[in-house]
1. Looking at the structure I just gave you, is Asp139 charged (D, E, K, R) and buried (at least 20 other Cβ atoms within 10 Å of the Cβ)?
2. Can Gly70 be described as within 22 Å of Glu115 (Cβ to Cβ), in a loop (DSSP other than H, G, I, E, B) and out of contact with any helix residue (DSSP H, G or I) (no Cβ under 7 Å at 6 or more places or on another chain)?
3. Somewhere in the stretch 321-328, is a residue under 13 Å from Gly232 (Cα atoms), more than 22 Å from the chain's Cα centre (by Cα) and of a type in the set (S, T, N, Q)?
4. Looking at this structure, is Arg103 buried (at least 18 other Cβ atoms within 10 Å of the Cβ), touching an Asp or Glu at 6+ places or on another chain (Cβ under 8 Å) and in contact (Cβ under 8 Å) with a residue 40 or more places away in the chain?
5. Checking Ala134 against (1) under 23 Å from Gly63 (Cβ atoms); (2) touching a helix residue (DSSP H, G or I) at 6+ places or on another chain (Cβ under 6 Å), which single condition isn't satisfied?
6. Residues of the stretch 180-215 being over 18 Å from Pro8 (Cα atoms) and among the aliphatic types (A, V, I, L, M), which ones?
7. Give the residue that is nearest to Leu195 (Cα to Cα), with candidates limited to residues of the stretch 238-252 that are small (Gly, Ala, Ser) and outside any loop (DSSP other than H, G, I, E, B).
8. Please go through (1) farther than 22 Å from Gln240 by Cα; (2) surrounded by fewer than 16 Cβ atoms within 10 Å (Cβ to Cβ) for Asp280 and return the number of the only condition it doesn't satisfy.
Amino acid sequence: MNRTRTSPAEAVEDALRRFFADRRDEAAAIGPACAEAVAELENYVLRGGKRVRPTFAWLGWLGAGGDPGGTTAQAVVRTGAALELFHAYGLIHDDVVDASLTRRGAPAAHVQFAERHRERCWNGDAQLFGTGTAILIGDLAQGWADDLIHGCGLPAPAQARVAPVWSALRTEVLCGQLLDVSAEAAGAEDLDTPLRINQYKTASYTVERPLHIGAAIAGADDALVTAYRSFGRDIGVAFQLRDDLLGVFGAAEETGKPSGDDLVQGKRTVLFAAALHYADTQDPDAAKFLRTRIGTPLTHDELTAMRTVITDVGAVDHIERDITRRTDRALATLNASSATPHAKQQLTTMAISATQRTS
């Protein structure tokens with residue numbers, strides 16, 4: 001990839017388009033329903049997203065001495081495309097688990113498939129069809145991500161180094177999702193549980209493991225891998241903490257999700273846990289109100305009241321301080337590492353963007 005002409009995100013976009021082009025005939029040969037589902041998956045993957053994970057993998061590789069003009073560059077790009085397919089799988093399944101109606105300002109995959117069932121007056125329950133189809137194309141995205149990783153063209157030694165990191169990434173995301181589902185069902189209120197969920201469900205595959213994959217491809221030493229992973233955990237958790245704030249206070253036109261959606265869905269975030277912690281000591285009635293209304297349909301006034309409580313008890317300030325602390329610590333770790341100056345500069349920019357975003 002020519003670094004001066006094509007960004008990592010653009011190169012990954014091209015790789016994804018080529019991948020889907022190669023798979024269309026295979027799906028069509030199996031049957032029209034498969035071809036149609038694959039077309040929907042392609043649209044889902046290509047219609048949006050910042051390509052954050054591939055960019056972190058690219059910069060992790062570059063910072064460990066990778067040559068953007070060398071023979072391995074295209075294999076790194078295809079590895080990034082695999083991360084995007086895995087990300088699509090995670091989003092599709094996450095929306096099913098959370099019963100989310102929208103994603104990136106459009107209907108979630110299971111909602112789209114259910115609507116198609118209704119439009120065509122098919123037999124059976126439209127919602128069950130939508131859910132089942134979304135699960136299956138999510139599974140397909142995960143399987144194809146594995147195909148891309150194993151067939152991306154990395155030299156054999158690099159492929160051997162990447163394999164255990166990729167395996168760890170998959171396990172951590174799935175276990176993080178299991179922790180999340182269990183925490184919501186149990187009504188967990190401690191701060192440690194959502195932080196652990198953030199680490200494994202988000203930080204692992206958003207920043208930490210993509211950097212680790214890039215470093216593994218380049219054959220980085222243990223010290224740089226350790227620095228990357230520390231940086232990645234802090235920035236990844238801070239990224240999710242920002243997401244927690246946006247899930248309560250973000251504007252729908254910017255986030256692509258209904259405003260206050262996390263409260264309606266009953267998400268047991270660090271923000272909500274902090275709000276309960278502070279409200280229990282400052283205003284027990286407010287704490288009772290939060291516990292009573294979380295995870296229920298909320299009127300505009302109730303949503304406003306919940307936001308006011310969360311802010312007034314100091315939970316928002318708590319999260320903002322933690323974001324700043326983690327970001328500062330991550331940047332200090334990065335600056336002290338052996339990563340190349342260009343990669344340090346780019347990773348610093350990405351870290352600030354990820355933790356201070358509004359969408």
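The values are calculated or read from the model by the stated rules, or taken from the named source; none is laboratory data. None of the values given here were measured: they were computed from a predicted structure. Heads up, the Cβs are rebuilt from the backbone with ideal geometry, glycines too, and the neighbour counts pull from every protein chain shown.
1. Values: charged (D, E, K, R): yes; buried (at least 20 other Cβ atoms within 10 Å of the Cβ): no.
No.
2. On the way: within 22 Å of Glu115 (Cβ to Cβ): no; in a loop (DSSP other than H, G, I, E, B): yes; out of contact with any helix residue (DSSP H, G or I) (no Cβ under 7 Å at 6 or more places or on another chain): yes.
Considered against the rule, which asks whether it is within 22 Å of Glu115 (Cβ to Cβ), in a loop (DSSP other than H, G, I, E, B) and out of contact with any helix residue (DSSP H, G or I) (no Cβ under 7 Å at 6 or more places or on another chain), Gly70 comes out as no.
3. No, there is no match, as no residue in the stretch 321-328 is under 13 Å from Gly232 (Cα atoms), more than 22 Å from the chain's Cα centre (by Cα) and of a type in the set (S, T, N, Q).
4. Values: buried (at least 18 other Cβ atoms within 10 Å of the Cβ): yes; touching an Asp or Glu at 6+ places or on another chain (Cβ under 8 Å): yes; in contact (Cβ under 8 Å) with a residue 40 or more places away in the chain: yes.
Considered against the rule, which asks whether it is buried (at least 18 other Cβ atoms within 10 Å of the Cβ), touching an Asp or Glu at 6+ places or on another chain (Cβ under 8 Å) and in contact (Cβ under 8 Å) with a residue 40 or more places away in the chain, Arg103 comes out as yes.
5. (1)
6. First, the residues of the stretch 180-215 that are over 18 Å from Pro8 (Cα atoms): 180-204.
Those that are over 18 Å from Pro8 (Cα atoms) and among the aliphatic types (A, V, I, L, M): Val181, Ala183, Ala185, Ala186, Ala188, Leu191, Leu195, Ile197, Ala203.
7. In the first step, residues of the stretch 238-252 are kept if they are small (Gly, Ala, Ser); the result is 238, 247, 250-252.
If we keep only those that are outside any loop (DSSP other than H, G, I, E, B) too, we end up with 238, 247, 252.
Values: Ala238: 10, Gly247: 16, Ala252: 25 Å.
Going through the qualifying residues, I end up with Ala238.
8. (2)
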